[in-house]
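Peer 1: Pasting in a structure now, in structure tokens, and then I'll have a few things to ask.
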Amino acid sequence: MGKGGVGKSTLSALHAISLSNTDKKTLLISMDPAHNQADIFEKKLGEKPVSVKDNLSIIEINIDKWIKRYLRNVQNRITESYQYLTAINLDKKFNVLKYSPGLEEYALLLAFEEILKKFKSYDNLIFDMPPTALALRFFALPKLSLVWLESLLGLRKEIIEKREIITKIKLGRKEFERDNILNKLNVLSHQYNSLHERFRNRENVKVNIVMNEDRLSLNESQRINQNLNRLGIHTDRIYLNKVSQKSVTSDLSAIFKDIPTISYSQADYPLIGIDALNKYLSEND
Ligand SMILES: Nc1ncnc2c1ncn2[C@@H]1O[C@H](COP(=O)(O)OP(=O)(O)OP(=O)(O)O)[C@@H](O)[C@H]1O
Ligand SMILES: [Mg+2]
């Protein structure tokens, strides 16, 4: 996580190289729709893993593809649930979906879930995230969806109960269990709940914040940390990047309490290509 341009992509790349150098099978995933890993590694990248060195492959998420896939899932779900609504033109309604807010984060979350399933054989997955706003929406989405789903579940139960009153037929537990829409809402709740819990699991998911020494980046990092905390997500480390030799690093431990801070110096050469990144790593261990 971090403000635009602080060095998230560069540090992700360095981290990925460093892990792969210790024989850990590593996959670096660019989640930022404005990808940079292809420039950093000087390689053409795409949705399929491209090997850039021993133990290190990279993929770039094609956000448009995932948005389309997400919309297709929604469309299928609506068609299945409302088969009886042949009189109204559902296609017209689907077109509106394309303009829904929040599609990017839904698409990223779908991609994230699929990547976890597909690349289980890797020792480490490193996600190079987009700048603050979209990344925070991504992390907040499971919790937000759960709030929505809870109200929808309540509404659906009310509908079933009203139906019971109207038909004057006593519906037992069976009727609730048979309700297709109620079941689908429960499946979605389960799915978002496990994603939310995954983000909160400090053993398996490490969320890091990258920042620079300037005040704007410090303020934004504090806000990111607070927002993550509100979601019950712990910040694992703070990376203070582009530290100049002259600068006296202010004491971040007073601000970020129990979160370890690691400094990375400002390189005086471009951090492009594996050789330059390896050189930087050897100078900065
Ligand atoms: N330690 C460093 N020393 C020198 N230059 C650096 C360092 N870290 C990053 N840079 C440079 O800063 C610029 C921004 O870095 P990078 O693209 O990694 O940031 P980012 O946080 O991923 O940006 P975005 O928010 O656009 O995704 C790049 O030109 C990169 O080479
Ligand atoms: Mg980046």
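Peer 1: Given the convex hull of the Cα atoms of region 189-268, what is a quarter of its surface area in nm²?
Peer 2: Over all viewing directions, region 189-268 projects a mean Cα-hull area of 6.3 nm².
Peer 1: Taking DSSP loops as anything outside H, G, I, E and B, show the longest stretch in the chain free of GluC sites (Glu not before Pro) there with at most 14 other beta carbons within 10 Å.
Peer 2: Excluding the exposed sites themselves, the longest stretch runs over 48-202.
Peer 1: Take I166, I272 and order them by how many other Cβ atoms sit within 10 Å, fewest up front.
Peer 2: I166, I272
Peer 1: Relative to the first principal axis of the alpha-carbon coordinates of the chain, what is the inclination of helix 63-81, with its axis defined by its Cα atoms, in degrees from 0 to 90 and to the nearest 10?
Peer 2: 20
Peer 1: Of the residues P101, P130, P260, which exhibits the maximal mean-square fluctuation in a Gaussian network model of the chain defined by a 10 Å Cα contact cut-off?
Peer 2: P101
Peer 1: A further question follows. For I78 and Q226, calculate 0.36 nm times their separation in residues minus their Cα-Cα distance, and state this gained length in nm to one decimal.
Peer 2: 49.6 nm
Peer 1: Which order do R156, R215, R202 fall in if you start with the one that has the fewest other Cβ atoms within 10 Å?
Peer 2: R215, R202, R156
Peer 1: Give the residue from L216, L252, L228 lying farthest towards the positive end of the charge dipole for region 199-285; charges sit on Cβ (+1 for Lys and Arg, -1 for Asp and Glu) and the dipole is referred to the Cα centre.
Peer 2: Towards the positive end, the residue furthest out is L228.
Peer 1: Something else now. What's the exposure ranking of I181, I59, I262, going from fewest to most Cβ atoms within 10 Å?
Peer 2: Ascending number of Cβ neighbours within 10 Å: I262, I181, I59.
Peer 1: A follow-up question, please. GNM, the chain, Cα, under 10 Å: largest mean-square fluctuation among D91, D236, D64?
Peer 2: Looking only at D91, D236, D64, the largest GNM fluctuation is found for D91.
Peer 1: Any idea what diffusion coefficient the chain gets from Stokes-Einstein, in µm²/s, Kirkwood Rh on alpha carbon pairs, 20 °C, 1.002 mPa s?
Peer 2: Diffusion coefficient, whole number: 100 µm²/s.
Peer 1: Please give the charge dipole size of region 8-284, origin at the Cα centre, charges +1 on K and R Cβ atoms and -1 on D and E Cβ atoms. Round to the nearest 20 debye.
Peer 2: Using Cβ point charges on Lys, Arg, Asp and Glu, region 8-284 gives about 1220 debye.
Peer 1: With each run of n ≥ 4 DSSP H residues scored as -39500 (n - 2.57), what mean residue ellipticity at 222 nm is computed for the chain after dividing by its residue count and rounding to the nearest 500 deg cm²/dmol?
Peer 2: -17500 deg cm²/dmol
Peer 1: For the chain, find the longest principal axis of its Cα atoms and tell me its angle to the long axis of helix 274-284, 0 to 90°, nearest 10.
Peer 2: 70
Where a number appears in this text, it was derived from the coordinates with a stated rule and is not lab data. Bear in mind that the values here come from a model prediction, so they are computed numbers and not experimental data. Don't worry about glycine lacking a Cβ; one is built from the backbone with ideal geometry, like all the others, and counts go over all protein chains shown.
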